[in-house]
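What follows is a set of notes on a single structure, which appears directly below.
The values are calculated or read from the model by the stated rules, or taken from the named source; none is laboratory data. On a predicted model such as this, the values are computed, not experimentally measured, just so you know. All Cβ positions, glycine included, derive from the backbone under ideal geometry; neighbour counts span all protein chains shown.
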Amino acid sequence: MRRQQERTQADLAKLLGVNRTAISKLELGQQQPNALQLLKLAKYFNVSVDFLLECEHAEDSNDPCDLMNILNCEHLFIGNHQLTLEEKKVIKGVIKSIFWRYV
């Protein structure tokens, strides 16, 4: 999510009051954020703590994902742009027109 929103590790380190190495360890899964860090990150990225925890699980998972279900996510980004409901509807329409046999 940090990269999607064009933020640096230094940006997050400053926010959380830690050094850049700590952010790297968080991103690599070598360290887990504490509750206060999760709250700060959620507020910074304008998402819920649940969303952050689900993202962490999704990145570690090799479970298959249904593209149509992904488009139902409340906070969906392309680069640093959060998709609107209307944009998601357009994308769903395009996907349905291409893969009509399967949806």
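Of the candidates K43, K89, K96, the single residue that is closer than 20 Å to L26 by Cα, basic (K, R) and either in a helix (DSSP H, G or I) or at pLDDT 80 or above (or both) is K43. Pairing each residue of region 1-17 that is under 11 Å from L41 (Cβ atoms) with any residue that is modelled with pLDDT of 90 or more and in a loop (DSSP other than H, G, I, E, B), provided the two are 6+ apart or on different chains, yields C-beta distances under 9 Å for R2/T8; L12/V18.
Of the set (1) β-branched (V, I, T); (2) at pLDDT below 85; (3) in a helix (DSSP H, G or I), all apply to V103 but (3).
Out of C73, C55, C65, report the one residue that is modelled with pLDDT under 85, part of a helix (DSSP H, G or I) and out of contact with any Cys (no Cβ under 8 Å at 6 or more places or on another chain). Within the list C73, C55, C65, the selection yields C55.
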